[in-house]
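The values are calculated or read from the model by the stated rules, or taken from the named source; none is laboratory data. Please read all numbers here as calculations on a predicted model, not as lab measurements. Please note: Cβ atoms are built from the backbone with ideal geometry, for glycine as well, and neighbour counts cover all protein chains shown.
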Amino acid sequence: MGDHVAAISIEGLSKTYRRSHLGRVKTSLGVDGITLSVQQGEVFGLLGLNGSGKTTTIKLMLGLLFPTAGHVQVFGFPAGSPEAKRAVGFLPEIPYFYKYLSGREVLRFYGRLSGIPEKAISARIEEVLAQVRMTANAGRAMREYSKGMLQRITLAQAMLHDPRLMVLDEPVTGLDPLGLREMREIIHGLNQKGKTIFFSSHSISEVEKLCHRVGILVSGRLARVVNQSEWAGEHGRLEEIFVSTVASGHQKAFS
Amino acid sequence: MRSILAIARYTFLQQFRNRLYLVVVLFGLLLVAASLLFGALAGDQEVRVILDFGLVTAEIFGLATAVFGAVTLVVEEMESKTIYLILTRPLPRPFYVLGRFLGLLLAVGASMAVMEVFHFSLLFMKGWTPDPAVFAALPMMGLKIMVMTALSLLCSLTFTSAPTATVFSILFWVLGHFGNEIRFMADRAGQWAKVAGELFCAVLPNLSLLNARDVIDLPGFGLTPLLYGAGYALLYTLACLALSAALFSKKEF
């Protein structure tokens, strides 16, 4: 696929959750009619309140959920296909790991699943461990890790197979100021190397510092896409845009 | 293939480092050792009692490791969401099911092998003369555990909670030994009950086919029932794995 292909292409994407209990089916809306395109090399942020559909959108992009309508393509391949997955590195909101394995063992496991050749795997693991500053602690069992250390290993596994697109779900949640700064530097560095970054966040200040464009989700709908030029150089402007978009989105939803 | 082996390897490692797994194996060894006490009470049948008690202990603890392993590994992996980081890798979902099954089978096989080595050491200490029929019963026991591992994996993917999956796996294991009795009762209860009984028994694993240790001493017992049992176990396991793979491919996370 050439450089002209969008990194992420979403068209008319909807997801309705159906839950049945004792014969009664309950439905709830995850996302509704999202259409969006993220270009290669772009840093795109997805802002929204809790339950607005950020994680649902990400799961649909990764093939963890199947859409009710519409479709998602990653570098021209259907979301969830092996070709699309090969191009994506995913950082989940909460680090989920095997407590009985060490950091290095976990990375080797994910490296093998990602198809990294056996000869190259050890060198690549040490490279990403150095990038996230975890070389010294990589031999310890993961149940002994602090939250910050878990977050670093999670980031390492996402970068391991050198993906073209990084999908980060709330990457700065729960980080201390130092961790926050390191994460920002890493995201910036990855983008400098040509990686496309797609991330969801509650933190408007972080999104403001990192993104070229921002999408605002309100009640499962993409209410607005904002370009960097609309907030650049004007402190607090993105927050104003976000608050007014959410307020008018809620008004529309209730009316 | 490499990703299947990677999942199998890490399943084994996870099980091996799990304290619960080690406690179950240790407890099994203690019970095998306790067969010496029961043997002492059995007078001239001492060796026979140690032999039977040891085999039953290894099977039950093998089953416990298989059921709890399948349920905790798969259901907990979904609950703890570690599955996200596996399914976002470029591997087909059925490979995950197969890798988990092979790793679990290896872990259960290792625990049963340790128990049986200990068991046979005790028997040799008591002057047991090796009986080829008993050694023929061991692989059949292994096949029974293979069937139950695949079935527990299927239960863990069918039911959303770990306790439900465990209860159904154990229920299938118990009922699987009573296929003939279920058929007999259904037969006497009327035409519809007969059809329902037949259908139910066709779905249930026929574990009595694999119970070679109960019948291997009978006169005229040959190789044919063993081969039939082995073929049945393989087919039943493959059917469970195929269903698990189909279910897992449609599952959302």
task: Give the residue that is nearest to residue B:13 (Cα to Cα), with candidates limited to residues of region A:108-125 that are within 11 Å of chain B (Cβ to nearest Cβ) and of a type in the set (A, V, I, L, M, F, W, C).
output: A:109
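Looking only at residues that are under 19 Å from residue B:82 (Cβ atoms) and either modelled with pLDDT of 90 or more or surrounded by 16 or more Cβ atoms within 10 Å (Cβ to Cβ) (or both) in region B:17-59, which one is nearest to the other protein chains (Cβ to nearest Cβ)? Outline the logic, then answer.
To start, the set of residues in region B:17-59 that are under 19 Å from residue B:82 (Cβ atoms) comprises B:17-21.
Cutting the leftovers down to either modelled with pLDDT of 90 or more or surrounded by 16 or more Cβ atoms within 10 Å (Cβ to Cβ) (or both) gives us B:18, B:21.
Numbers: B:18: 6, B:21: 10 Å.
Residue satisfying both the conditions and the ranking: B:18.
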query: Restricting attention to region A:96-106, does a residue exist that is crowded, with 21+ Cβ neighbours inside 10 Å and either within 20 Å of residue A:191 (Cα to Cα) or without any contact (Cβ under 8 Å) to a residue 40 or more places away in the chain (or both)?
result: no
- request: Kindly indicate the residue of region A:62-97 that is within 14 Å of residue A:199 (Cβ to Cβ) and aliphatic (A, V, I, L, M) and also nearest to the other protein chains (Cβ to nearest Cβ) among those meeting that condition.
  value: A:62
field: region B:108-133: number of residues that are among the acidic types (Asp, Glu) and touching an Asp or Glu at 6+ places or on another chain (Cβ under 9 Å)
entry: 1
message: Given the condition touching a residue at least 60 places away in the same chain (Cβ under 8 Å) and either among the acidic types (Asp, Glu) or on the phi > 0 side of the Ramachandran plot (or both), answer yes or no: does some residue in region B:181-192 qualify?
response: no
- prompt: Within region A:56-95, can you find the residues that are at pLDDT below 90 and crowded, with 17+ Cβ neighbours inside 10 Å?
  reply: A:92, A:93, A:95
- prompt: Within region B:83-95, is there a residue that is among the hydrophobic types (A, V, I, L, M, F, W, C), farther than 30 Å from residue A:65 by Cα and surrounded by 21 or more Cβ atoms within 10 Å (Cβ to Cβ)?
  reply: no
In region B:177-192, the residues that are over 22 Å from residue B:237 (Cβ atoms) and either part of a helix (DSSP H, G or I) or among the hydrophobic types (A, V, I, L, M, F, W, C) (or both): B:181, B:183, B:184, B:185, B:186, B:187, B:188, B:189, B:191, B:192
field: Every residue from region B:68-96 that is at the interface with chain A (Cβ under 7 Å from one of its Cβ atoms) and either not hydrophobic (A, V, I, L, M, F, W, C) or not in a helix (DSSP H, G or I) (or both)
entry: B:80, B:81, B:82, B:84, B:88, B:89, B:90, B:91
Where residue B:235 falls short, out of the listed (1) modelled with pLDDT of 90 or more; (2) under 25 Å from residue B:113 (Cα atoms); (3) surrounded by 13 or more Cβ atoms within 10 Å (Cβ to Cβ): (3)
query: Could you say whether any residue in region A:42-61 is in a strand (DSSP E or B), over 19 Å from residue B:252 (Cβ atoms), more than 14 Å from chain B (Cβ to nearest Cβ) and free of Cβ contacts under 8 Å to residues at least 40 places away in the same chain?
result: no
- line: The condition of being assigned to a helix (DSSP H, G or I), under 17 Å from the mean Cα position of the chain (by Cα) and loosely packed, with under 12 Cβ neighbours inside 10 Å holds, among B:167, B:174, B:195, B:147, only for B:174
- request: Exactly one condition in (1) part of a helix (DSSP H, G or I); (2) touching a residue at least 60 places away in the same chain (Cβ under 8 Å); (3) closer than 29 Å to residue A:74 by Cβ is not met by residue B:15; state its number.
  value: (3)
